[in-house]
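Student: One structure, pasted below without further comment.
The values are calculated or read from the model by the stated rules, or taken from the named source; none is laboratory data. All of these numbers come straight from a predicted model, not from anything done at the bench. For neighbour counting, all protein chains shown are included, and Cβ atoms are generated from backbone atoms with ideal geometry for every residue, glycine included. SASA here: full protein model, heavy atoms, side chains in, ligands and nucleic acids out. Shrake-Rupley method; radii C 1.70, N 1.55, O 1.52, S 1.80 Å.
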Amino acid sequence: MSNILVNAPKTAKRGDVVEIKALIMHPMETGFRPGPNGRIIPRNIIERFTATWNGAEIFAMDMSPAIAANPFVSFFAQANESGTVVLRWTGDEGFAAEHRVDITVA
Amino acid sequence: MRRRLLVVGLGLVFVATYAAAQVGSQSGADKRRSGYRDMGEALQKMQDDDTANPGMLFVQLGSQLWAKPAGVANKSCADCHGADAASMKGVATRYPAIPAGSDRPLDLEGRINLCRTQHQSADPLPPENLDLLALAAFVAHQSRGLPIAPPADPRLEAFRQQGEEIYRRRQGQLNLSCAICHDDNAGKKLAGIVIPEAHPTGYPIYRLEWQALGSLKRRLRNCMVGIRAEAWPLDAPEYTALELYLMERAKGLKLETPAVRP
């Protein structure tokens, strides 16, 4: 299980632009650093982050080795209908994490 | 007549400046500054927002570990201390302290390890271990906003004095003491960065340079490398002595755990 912190409004007015902030625990190992034994530590990063609102993609980004550990992502979306926002992180070594937020639009 | 007016006028000026000085000395009585006040606004906002502060990820991890049974005894922290950890409120403000049945002070991480060996029959966690830091962050987080309150235990005084002696002792190839930077030159700049007053108000801290949570011990080792001194071994009692002095020096300042620092 991954440690995730998400900040999103529980309710929004129809048509409002809402900000969604997501923070996840991840080492984001670059693949360029030698370990204590002198060997390169294999790359272990989150490769892609996506967000869907009731199944429709509202935000997506590719991550790179230059992004720091425990990446923080903030983005905006227009609230058109009540529903579930699903945040997904996928990456090296089979990393997969998911977080759901329900937003009620009135 | 003019002379009398002048005297009255001077009297008024005196009263006004005296009053201003009184107000000034009251509001400026405590001039100590947490490192928080010397960081940029962006970092302060990062620390203040619990969903942007990366340290909170470790507090979250710590709360999961709190409820997880460990060791041969198969007991969790929550089994003794309660699930909501309310009993931990204020605990971090009192450490390092001397535990019952001992005569040496322990820091918070040491106390957690003592609990592991005594009550959980588990192996102590190594220094800077992720689980240990997360538990320490979770426990110390319960005291966020409370003033640092070192215990009045008279046995601590000798260790505290040793800590102060270390704090004022020149060491390393650069021949610097802690006091030269953090007392004499605090607030000035070193390589473009404000030298903080070294109050341990937010440990374990999330340091952006580390991209990780780290203990006060790690920070002290960092400083020692910086002055090109040889850092003590990780289990050296000097760290606890220095922490005792630093906590006494920061008495009354509010805990911020988990603090974010550049």
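Student: Counting alpha carbon pairs within less than 8 Å and at least 6 residues apart, what relative contact order, in whole percent, applies to chain B?
Tutor: 25 percent
Student: Moving on. Considering the options B:Leu125, B:Ser143, B:Gly187, tell which one lies farthest towards the positive end of the dipole of the stretch B:121-197, charges being +1 on Lys and Arg and -1 on Asp and Glu at the Cβ, about the Cα centre.
Tutor: B:Gly187
Student: Between A:Asp102 and B:Asp184, what is the spin-label point distance in nm, taking each point 7 Å from the Cα along the Cα→C-beta axis?
Tutor: Placing both labels 7 Å beyond Cα along the Cβ direction yields 6.3 nm.
Student: Restricting attention to the stretch A:18-106, which GluC sites (Glu not before Pro) occupy a DSSP loop and are surrounded by at most 12 other Cβ atoms within 10 Å?
Tutor: Those that pass, being in a loop and sparsely packed, are A:Glu81, A:Glu93.
Student: Place a +1 charge on the Cβ of each Lys and Arg in the stretch B:117-262 and a -1 charge on the Cβ of each Asp and Glu, then give the dipole magnitude about the Cα centre in debye, rounded to the nearest 20.
Tutor: Around 480 debye, computed over the stretch B:117-262.
Student: Then there's this: Taking Cα atoms, how many degrees apart are the long axis of helix B:237-249 and the longest axis of chain B, rounded to 10 and kept between 0 and 90?
Tutor: Around 40 degrees separate the two axes.
Student: Taking 7 Å along the Cα-to-C-beta vector as the label spot, tell me the B:Ala158-B:Ala67 distance in nanometres, rounded to one decimal.
Tutor: About 4.5 nm separates the two model spin labels.
Student: With every protein chain present, what is the per residue accessible area of the stretch B:33-262 (1.4 Å probe, Å²)?
Tutor: 47 Å²
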